[in-house]
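The values are calculated or read from the model by the stated rules, or taken from the named source; none is laboratory data. Not measured: the values here are computed from a predicted model. Here Cβ is always computed from backbone atoms with ideal geometry, including for glycine, and neighbour counts include all displayed protein chains.
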Amino acid sequence: MWKYIIRRAILTLPVLLIVSIITFSIMQLAPGDPAAIVLGGDYIMYATAQEIEDVREAMGINKPPITQYFDWLGGFFVGNLGTSLFTTESVSYLVSQKIEATVSTVFSGIFIAILLGLPMGVLAGWKMNTWIDRAVMVFAVLGFAIPGFWLAFNLIFLFSLKLGWFPVFGFRSLFTDGPVEFLRYSALPAITLGVAFMALIARMTRSSLVEVLSEDYIRTARSKGLAEGIVLTRHALRAASMPVITVIGLVFAAAVTGTVITETVFAIPGMGRMFVKAVGDRDFPIIQGLMMIFATSYVFLNLIVDIIYAFLDPRVRYS
Amino acid sequence: MTTNRGYNPNEIRQAKGMGNRIWVQFNRMLRKNPNMIVGLFILMLFSFLTIFADFLVKYDPVAIDPVDRFMPPGSVHWFGADNIGRDVYARVIYGGRVSLLVGFMVAFLVTLAGLFIGLVSGYSPKLDMIIQRVMDALMSFPTLLLALALIAMLGGSVWNVIAVITIVDTPRMVRVVRSSVLTVREQQYVEAARGIGAPTPRILFVHIAPNTMAPVIVQATYFFALAILTEASLSFLGLGIPPEDPSWGNILSLGRKHLQQAFWIAFFPGLVLTINVLAMNLVGDGLRDALDPKLSRRA
């Protein structure tokens, strides 16, 4: 087991290295002088050559790109992601301000997706080719096609503007504002983010369960007179859970994409919205920092999923 | 094949030639998949509307009419009018041109790039190591964030949006092609081709490539749908298609500001977008069941 974990962990190193090179290159290739952004766009017309040179010197952007790359990468390891071009505050500080909103949005979205998607998939797979199955599959196809922002509009229009059950937008912290306020504010974002994953999880669970239920050992279990509930929970679900775990791992990664949209629609002060704003402002250190954070967490999440997978299925370890 | 089984008319038709065979297969595919007919019908209807929009739509999508501002949907403006009196129906139909162009071009380019990189990667173990790590790295970025960062570098325009979505989606196609090359290259006919001394490019493109096409075509339809969604997301965030040109994402983005007084500005482009993505998914599922039985649901 340890051998597998170490081998798998070493594989992440070249990927992370390439991730950092891609991130760095995109920002190097972007047109425009960061010094000009710092000096305030048009103001650069009035700035003296010496002023511009001083800013460039202070930012370290007159060094050769290779040196800049290693400075930047070195900083990443000690948690120094650079300084925002606009607010002149450190990127790590700005990110730390936004992390709670994003994490709680992602988790509540995935929580809803698992909470509803899993039982739907189990029910559909178990009652295959009945109306329940068909209803779940129709939902699964629809949930996948509906764009998050449009779903959000419909939810806001119906539940916030017409019925007044939920606030239109905003964010409340679970820790400082209490669970009631938190739930009121995060219900619609969680549904918006969760529906597509709910559809995906339901679909995966269903097809995985359908496959397992046709196995011989399930027939054996049934023919020796076990109650259907026990066959389902003890025998089928354990085997059927494998692909579902992989999907849930992937869902976490995809949720980051979803949260960019969700945070924008619901005005949640999170990392996704911060990223969109940074792209609009061309605030490169923030873009770079967030890209590295998201990609690194994705790589580690995948590592964890693979380890769990190997833990549950011994065949993976020895291949 | 046993002789006493009698001749199946389809087999005779198949034996007559390729063109015929494709039609027979296509017919059989449609008969098995009523959902696919619905999907194809929606896509054809919509393509027709967008292509001939100049003759079918009576309003100019950019014409401003202050008298009609915020007019609700009705006989004058089918989908209502927006904050400066532009006809939402005309904007949705013309916006469909951009969306369908982006979807089609991305599906096409991703297929080309994915086939080429996937073939090389699946066939050459040395290059495979390097290519796969680069693809893994590209796939580590959340899709929308990578697209946004590339937009920050290139700037927003229709062709840049197409390029960006292609870059983001290609690694996923490469993975599909590569895994199917890995099985195909072990087949005997590939070994035979190598045995008679066929050069590597010939083996790759003449012998291996055609036999990886089934999953590639299926994936291409999904990328078509995905690209339209990504384009809409980018434009919705104000960083995709420039706001002057109508696109579904742009109209939705504007509609967001006027949700309270005019829900129709956001409602209709979203509805049309959803229906189209749904139709493409139906076609994709149908193709998958027909071309790639291994992948289909075992129901």
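Assorted remarks:
- Per this entry, residue B:291 is counted among residues that are surrounded by 16 or more Cβ atoms within 10 Å (Cβ to Cβ), within 22 Å of the chain's Cα centre (by Cα) and more than 10 Å from chain A (Cβ to nearest Cβ).
- Listed by position, the helices (runs of 4 or more DSSP H) inside the range A:123-217 whose residues that are within 12 Å of chain B (Cβ to nearest Cβ) and β-branched (Val, Ile, Thr) number at least 1 are A:131-145, A:179-213.
- Among the residues making up the range A:80-94, those that are part of a loop (DSSP other than H, G, I, E, B) and within 10 Å of residue A:289 (Cβ to Cβ) are A:80, A:81, A:82, A:84.
- Note on the range B:117-132: residues that are free of Cβ contacts under 8 Å to residues at least 24 places away in the same chain and more than 14 Å from chain A (Cβ to nearest Cβ) total 4.
- Among the residues of the range A:285-309, those identified as closer than 21 Å to residue A:171 by Cβ and either more than 8 Å from chain B (Cβ to nearest Cβ) or of a type in the set (D, E, K, R) (or both) are A:286, A:293, A:297.
- Answer from A:308, A:245 - the residue that is in contact (Cβ under 8 Å) with a residue 40 or more places away in the chain, over 16 Å from the mean Cα position of the chain (by Cα) and assigned to a helix (DSSP H, G or I): A:308
- Among (1) β-branched (Val, Ile, Thr); (2) away from chain B (no Cβ under 14 Å); (3) under 26 Å from residue A:90 (Cβ atoms), the one test that residue A:260 misses: (2)
- Selection within the range A:149-172 - small (Gly, Ala, Ser) and at pLDDT 85 or above: A:152
- Residue within the range A:112-122 that is farther than 22 Å from residue A:212 by Cα, of a type outside the set (D, E, K, R) and touching a residue at least 24 places away in the same chain (Cβ under 8 Å) present: yes
- Among the residues of the range A:1-20, those identified as among the β-branched types (Val, Ile, Thr) and over 8 Å from residue B:137 (Cβ atoms) are A:5, A:6, A:10, A:12.
- Screening the range A:95-152 for residues that are of a type in the set (Ser, Thr, Tyr) and surrounded by fewer than 17 Cβ atoms within 10 Å (Cβ to Cβ) and picking the one that is nearest to residue A:294 (Cα to Cα) gives A:96.
- When A:310, A:278 are screened for being in contact with a Lys or Arg (Cβ under 7 Å, 6 or more places away or on another chain) and buried (at least 17 other Cβ atoms within 10 Å of the Cβ), only A:310 passes.
- Scanning the range B:238-250 for residues that are surrounded by fewer than 24 Cβ atoms within 10 Å (Cβ to Cβ), facing another protein chain (nearest Cβ under 10 Å) and touching a Ser or Thr at 6+ places or on another chain (Cβ under 9 Å) yields one hit, B:238.
- Residues of the range B:133-154 that turn out to be surrounded by fewer than 20 Cβ atoms within 10 Å (Cβ to Cβ) and more than 8 Å from chain A (Cβ to nearest Cβ), as a count: 1
- Verdict on residue B:269 being buried (at least 24 other Cβ atoms within 10 Å of the Cβ), touching a helix residue (DSSP H, G or I) at 6+ places or on another chain (Cβ under 6 Å), within 29 Å of residue B:150 (Cβ to Cβ) and facing another protein chain (nearest Cβ under 9 Å): yes
- Scanning the range A:214-235 for residues that are at pLDDT 80 or above and buried (at least 16 other Cβ atoms within 10 Å of the Cβ), we see that the one that is farthest from residue A:139 (Cα to Cα) is A:221.
- Among the residues making up the range A:90-142, a single one is among the polar types (S, T, N, Q) and in contact with a strand residue (DSSP E or B) (Cβ under 8 Å, 6 or more places away or on another chain): A:90.
- Looking only at residues in the range A:237-249 that are small (Gly, Ala, Ser) and away from every other protein chain (no Cβ under 14 Å), the one that is surrounded by the most Cβ atoms within 10 Å (Cβ to Cβ) is A:239.
- Criterion: farther than 18 Å from residue B:237 by Cα and either within 14 Å of chain B (Cβ to nearest Cβ) or out of contact with any Pro (no Cβ under 9 Å at 6 or more places or on another chain) (or both) - qualifying residue of A:273, A:282, A:234: A:234
- Where helices (runs of 4 or more DSSP H) fall entirely within the range B:3-108, those with at least 2 residues that are modelled with pLDDT under 70, surrounded by fewer than 15 Cβ atoms within 10 Å (Cβ to Cβ) and in contact with a helix residue (DSSP H, G or I) (Cβ under 7 Å, 6 or more places away or on another chain) are at B:9-16.
- Only one of the numbered conditions (1) farther than 19 Å from residue A:269 by Cβ; (2) at pLDDT 85 or above; (3) of a type in the set (S, T, N, Q) is not met by residue A:104, and that is (1).
- Which listed residue is in contact (Cβ under 8 Å) with a residue 60 or more places away in the chain, surrounded by fewer than 22 Cβ atoms within 10 Å (Cβ to Cβ) and aromatic (Phe, Trp, Tyr), from A:252, A:284: A:252
- Residues in the range A:277-302 that are part of a helix (DSSP H, G or I), of a type outside the set (Gly, Ala, Ser) and more than 15 Å from the chain's Cα centre (by Cα): A:277, A:279, A:281, A:284, A:285, A:286, A:287, A:288.
- Hits in the range A:204-217 (condition: under 13 Å from residue A:128 (Cβ atoms) and free of Cβ contacts under 8 Å to residues at least 60 places away in the same chain): A:211, A:212, A:214
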